[in-house]
Amino acid sequence: QKEVEQNSGPLSVPEGAIASLNCTYSDRGSQSFFWYRQYSGKSPELIMSIYSNGDKEDGRFTAQLNKASQYVSLLIRDSQPSDSATYLCAVKRGAQKLVFGQGTRLTINP
Amino acid sequence: DAGVIQSPRHEVTEMGQEVTLRCKPISGHNSLFWYRQTMMRGLELLIYFNNNVPIDDSGMPEDRFSAKMPNASFSTLKIQPSEPRDSAVYFCASSLTSGDWDTQYFGPGTRLTVL
């Protein structure tokens, strides 16, 4: 079992709809979780971090964490073509190491 | 403000040659990370430094890989000798460590092709 698992996609969502991205992790002791966005040919950039169970909202993005189920998700409301990218889920292991999932490729169709 | 700077952006070399990748972290950041990204393995951490000291190099694939951080503003990742399976995008990232709230900022990456 991989430490961080994501559905590789591609996930295709119509413009204006909600895109839902999911991630599961294996280390029950993990405390910090991150979502990075990576455009094709570019470097990853942090869009959300979450540390507590529940929801965290930032503009059109909502991160959801359920530690009991070892599950993190990212919702993108009112999806735009500019949201088309690969989304990487990352879990912090120890003090500073990030372990990344394989990423989910998201395509927003106009 | 300048972000993380990496050079070269692209490197094409032949098997057996030495390759040196360079990174300048964001000024004031005290942690530096080297990652490798491939289609097969995704984004994986190779090594990271705190205050110029290597903390964890468990991700370095083998002895052909070495990394140094001689000062707070410069780091190198060296592959000697290079092999075709080293072809990947190598990212450098830096952060200001402050508990859980330490965002890692990635550089643009170096795309390495070993023929």
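The values are calculated or read from the model by the stated rules, or taken from the named source; none is laboratory data. Quick caveat, the model's predicted, so the values are computed rather than measured. Using ideal geometry, Cβ is built from the backbone for each residue, glycine included, and neighbour counts are taken over all protein chains shown.
Consider the stretch A:46-88 and keep the residues that are surrounded by fewer than 18 Cβ atoms within 10 Å (Cβ to Cβ) and acidic (Asp, Glu). The one that is nearest to residue A:19 (Cα to Cα) is A:78.
Here is a yes/no grid of residues against (1) touching a residue at least 24 places away in the same chain (Cβ under 8 Å); (2) under 22 Å from residue B:38 (Cβ atoms); (3) of a type in the set (Phe, Trp, Tyr):
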{"position": "A:65", "(1), (2), (3)": "yes, no, no"}
{"position": "A:68", "(1), (2), (3)": "no, no, no"}
{"position": "A:71", "(1), (2), (3)": "yes, no, yes"}
{"position": "A:80", "(1), (2), (3)": "yes, no, no"}
{"position": "A:86", "(1), (2), (3)": "yes, yes, no"}
{"position": "A:95", "(1), (2), (3)": "no, no, no"}
{"position": "A:103", "(1), (2), (3)": "yes, yes, no"}
{"position": "A:108", "(1), (2), (3)": "yes, no, no"}
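Test each condition in (1) over 17 Å from residue A:19 (Cβ atoms); (2) more than 13 Å from chain B (Cβ to nearest Cβ); (3) surrounded by 14 or more Cβ atoms within 10 Å (Cβ to Cβ) for residue A:92 and report the one that comes out false. Exception for residue A:92: condition (2). Within the stretch B:7-33, if we keep just the residues that are farther than 17 Å from residue B:88 by Cβ and in a loop (DSSP other than H, G, I, E, B), the residue that is farthest from the other protein chains (Cβ to nearest Cβ) turns out to be B:16. Across the stretch A:28-50, what is the total count of residues that are touching a residue at least 40 places away in the same chain (Cβ under 8 Å), farther than 24 Å from residue B:110 by Cβ and within 9 Å of chain B (Cβ to nearest Cβ)? Qualifying residue count for the region: 2. Looking at residue B:82, is it modelled with pLDDT of 95 or more, surrounded by fewer than 18 Cβ atoms within 10 Å (Cβ to Cβ) and of a type in the set (Gly, Ala, Ser)? So residue B:82 fails the test.
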